[in-house]
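The values are calculated or read from the model by the stated rules, or taken from the named source; none is laboratory data. Source: prediction; values computed, not measured. Cβ coordinates were reconstructed from backbone atoms using ideal geometry, including for glycine residues, and neighbour counts include every protein chain displayed. The area values use the complete protein model at the heavy-atom level, side chains included, leaving out ligands, DNA and RNA. Shrake-Rupley method; radii C 1.70, N 1.55, O 1.52, S 1.80 Å.
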Amino acid sequence: MERELIEGIAIIQRSKCKEIVLRSLNNGIKMPSKISKETEISIHHVSRYLKQLKEKHLVICLNEDYKQGRLYEITDLGKEVLKYIE
């Protein structure tokens, strides 16, 4: 198993909230505010989790230049991680 996949599985299994955020993005491209409303996780925490997931290449930001209205999408690696933790 690839190191990147193993690290992704580990980061998700350590935090139920990160898993919830990642699963939310598995249903489509979303802004942090929408993820926050759907998951009932504070926007502050959603933003922090997205940053951590992005660092592990589980999600990507589609419009990094925007200060507001950033859109996030799950990566193929993120989808693969979800398969392993189900």
First in the range 74-86 and touching a residue at least 60 places away in the same chain (Cβ under 8 Å), second anywhere and open to solvent by 100 Å² or more (accessible area, probe 1.4 Å), Cβ under 7 Å, 6 or more apart | Leu77/His57; Ile85/Gln13
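One line per residue, one yes/no per condition, for (1) of a type outside the set (Lys, Arg); (2) in contact with a helix residue (DSSP H, G or I) (Cβ under 6 Å, 6 or more places away or on another chain):
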{"position": "Lys18", "(1), (2)": "no, yes"}
{"position": "Gly28", "(1), (2)": "yes, no"}
{"position": "Lys34", "(1), (2)": "no, no"}
{"position": "Gln68", "(1), (2)": "yes, no"}
Subset of the range 52-73 [in a strand (DSSP E or B), open to solvent by 20 Å² or more (accessible area, probe 1.4 Å) and either touching a Ser or Thr at 6+ places or on another chain (Cβ under 9 Å) or in contact (Cβ under 8 Å) with a residue 60 or more places away in the chain (or both)] | Ile60
Looking only at residues in the range 4-47 that are open to solvent by 70 Å² or more (accessible area, probe 1.4 Å) and of a type in the set (A, V, I, L, M, F, W, C), which one is farthest from the chain's Cα centre (by Cα)?
-> Ile6
